[in-house]
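Read through the structure below, which is laid out as structure tokens, and then see the notes.
What follows draws every value from the coordinates through simple rules; no lab data is involved. Please read all numbers here as calculations on a predicted model, not as lab measurements. With ideal geometry, Cβ positions are generated from the backbone for all residues, glycine too; neighbour counts draw on all protein chains shown.
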Amino acid sequence: MSDQREHGVQPLDEMMAAWGLGNHELVDASTEQLTHKQVQRARGGRALTLPMMQKLARSLNIAVWYRLTKLERESYFEYLHKHLFNYAKNHDAAWQDPNRELMEAVRGRGAKILNREP
């Protein structure tokens, strides 16, 4: 019997890899109480509550935001929980990430955080 709380590796995992982010970067960027264990469970597909999915989406957006230049921030599309979790309501498996070009630019720069001012 399969566990209904396990959903397999999530789009969040692929997105973090594409941006060159690890669990620590999300925990560090979070303005809320987020743990490494919560991030790992989310990436692995453990079912999360809506508030937790939203917290992870905010943390991902902040972590990415820190890596963008001011010009890149103008074109950045902020992710919602439905983009990061395949079991979230209104998830679209065919959705295409509008930040692909930005991902390539950021990944080419490495993991250096550019600045933290808004």
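Below are the figures for this structure:
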item: Span from the segment 17-34 Cα centroid across to the segment 76-91 one, whole angstrom; result: 17 Å
item: Sparse-neighbour loop sites [trypsin sites (Lys or Arg not before Pro); segment 1-100; at most 16 other C-beta within 10 Å; DSSP]; result: Arg5, Lys89
item: Mean separation of Cα contacts under 8 Å, 6 or more apart, over the residue count of segment 11-91: relative contact order %; result: 35 percent
item: Debye-sum result for the chain in log10 I(q)/I(0), which assumes one identical scatterer on each alpha carbon, at q = 0.14, 0.15, 0.20 Å⁻¹; result: -0.56, -0.64, -1.12
item: Angle between the chain longest axis and helix 100-109 axis [Cα atoms, degrees, rounded to 10]; result: 60 degrees
